Structures are given as structure tokens and as C-alpha cells.
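Please treat every number below as a calculation from the coordinates, not as lab data. Everything numeric in this text was worked out from a predicted model, so none of it was measured. All Cβ positions, even for glycine, are placed from backbone atoms using ideal geometry, and neighbour counts span all protein chains on display.
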Amino acid sequence: MRVHTNIGICILACNCTQEYPLASGYLLGVPPVRPKNARSSTSHARHDPLLSAAVGGILRDLRLSRALTQEQLAWETGIERAFISEIERGVKGVSLTMLYRLAVGLSVKPQKIIAALDAVMFPKKK
């Protein structure tokens, strides 16, 4: 979601300085009017298939270790079952907010998921 200040400057995490018309943006409940030469919102996010597959595998392992179905996890988290399936297969990435909601639904601390991800992505050399 794009968030704009009332001075019309994009304040995304990517720190772009794309200017938008004043008094426009989601803060006012009105979608911003993008100039024709502006980048699309998907250009800010980069999908890393390897990272997504690792996160999905960890979440699937945690879900199965708790004997939960995707439907049960969806009920616990308020996330669509189809989206959980896409996350577990590595098709979709997961935001920090979604990761937290999934951790709560799986009854684990988000740190446990991050630690497992760290172990998968950066294995210790013997």
C-alpha cells in the first residue's frame, strides 16, 4: 500500500522521491494520481523465490507439526486458505505483518520463524 504525506512525497521504504499531487494519497482515503512516467507499485517489491520457498517450507513444517490443516490455520489467522497455500509453495512472499499473524496462529514467536529461516538461508559451516 502506498502512503503519502500531505506534502505529496512518496515515503515508501525504498526511499524514492516520486512526487505526487498535494492533498492526494491513501492518508486522505483517496488513491493518489500517478504521473504517466511513474514507476508501478510492483517495482518497489522484489520477489525472491529462494527466500519465499524457504519461508513457505518453514511455515508448512510448523503447521504440520501442530497437526493443523490450511483451513484451520486460515481460520486462526484470518488469512485466506489459498494465500496460505501460495505462501507454503513459495509462489507468494510474506510481509512482516503476515509473518506475525501466521506466528500467532501457529502459537510460536515470530523470532522462531526468523531463526529457522536464518538457519536455512545461512547454514553454519563445519
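Starting with the highest mean, order 100-108, 68-76, 54-62 by the number of other Cβ atoms within 10 Å, averaged over the residues of each peptide. Mind dumping the intermediate values first?
Numbers: 100-108: 17.3, 68-76: 15.2, 54-62: 19.4.
By packing density, highest mean first, the sequence is 54-62, 100-108, 68-76.
So, by mean Cβ neighbours within 10 angstrom, what's the order for 91-97, 79-85 with the highest one leading?
On the way: 91-97: 14.1, 79-85: 15.7.
The packing order, highest mean first, is 79-85, 91-97.
Aspartates and glutamates near Lys126 by alpha-carbon distance under 13 Å, same-chain residues fewer than 8 away left out - which ones?
Answer for Lys126, where 13 Å is the Cα cut-off: none of the aspartates and glutamates qualify.
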